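The values are calculated or read from the model by the stated rules, or taken from the named source; none is laboratory data. No experiment lies behind these values; they were computed from the predicted model shown. With ligands, DNA and RNA removed, areas are computed over all heavy atoms of the protein, side chains included. Shrake-Rupley method; radii C 1.70, N 1.55, O 1.52, S 1.80 Å.
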Amino acid sequence: MKSIRILRLVSLIAVLVACGLQGCASRVQPWQRANLADYTMSADRDPLNGAMTDHIYFSREASTGGRGVGGGGCGCN
């Protein structure tokens, strides 16, 4: 009986700690957004890497498109 109470108490403490940790997330402040909009933060800043990624994707999936160009896996453009 005593072990069930201890288990409930530990479970309650774990739930309270988990609920308390949810408030630790911070928002991006307006003056910090310039850092996120910097050129070095963009995923497609290297054109060679983008071309190679597209080539590998085409080779594996046998399809192109989805980046503003037409085309599909069936060969109809």
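Annotations for the structure displayed:
- Residues satisfying the stated conditions in the range 1-40, i.e. among the hydroxyl-bearing types (Ser, Thr, Tyr) and outside any helix (DSSP H, G or I): Ser26
- Conditions (1) modelled with pLDDT of 75 or more; (2) open to solvent by 100 Å² or more (accessible area, probe 1.4 Å); (3) not basic (Lys, Arg); number of the one not met by Ser26: (1)
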